[in-house]
1. Which residues, taken from the stretch 51-72, are hydrophobic (A, V, I, L, M, F, W, C), part of a loop (DSSP other than H, G, I, E, B) and either loosely packed, with under 14 Cβ neighbours inside 10 Å or in contact with a Phe, Trp or Tyr (Cβ under 8 Å, 6 or more places away or on another chain) (or both)?
2. Would you mention how many residues in the stretch 77-100 are among the basic types (Lys, Arg) and part of a strand (DSSP E or B)?
3. Restricting attention to the stretch 6-50, which residues are more than 15 Å from the chain's Cα centre (by Cα) and either part of a loop (DSSP other than H, G, I, E, B) or closer than 20 Å to Arg90 by Cβ (or both)?
Amino acid sequence: MHNRIGFNRLGRKPSHRKALHRNMVTSLIKYERIETTQAKAKEIRRTAEKLVTRAKVDSVHNRRIAAKTIFEKDVLNKLFTEIGPRFTERPGGYTRIMKLGQRRGDAAEMVILEFLKDDEKVSKKTSSKKKSTKKATPAKATAPKTEEAPASEEKAAEDKE
């Protein structure tokens, strides 16, 4: 029985796994989109989202914590100046995983791991507004029918004449 497995070890030794996390998170922040296997993407997503949560508040302490994972200074700067402020209002879920299909060689499930864009934050707000208008439409739907009824009576009166 395999109880309380904390994370996917990805078939690697701890030092190799740590290096893989660092490299992939650095690439994700640098390019904002990477193509990888589904298992790796799910693990990298955990690390990346924790770093973005740190990057929402730009302080020396948060920069030093993030610098333990990200060794490139320009990438670390991008995290705190561009990516962190982008998600200040968002409580979590900064990344998305989109499936691509299976890799030809070994049939591994391939995915794209990417950060969400600014316009998706706006589209969710508009979708919530659309939902509220849908609730109001049944009341409005009855009003035009009552207005159309007199118009149809006028047409009927014209036809009789």
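1. Val57, Phe71
2. Total satisfying the criteria: 2.
3. Within the stretch 6-50, Gly6, Phe7, Asn8, Arg9, Leu10, Gly11, Arg12, Lys13, Val25 meet the criteria.
Quick note: the coordinates plus some simple rules give every number you see, no bench work behind them. Every value quoted in this text rests on a predicted model; they were computed, and no experiment measured them. Positions of Cβ are generated from backbone atoms using ideal geometry, with glycine treated the same way; all protein chains shown enter the neighbour counts.
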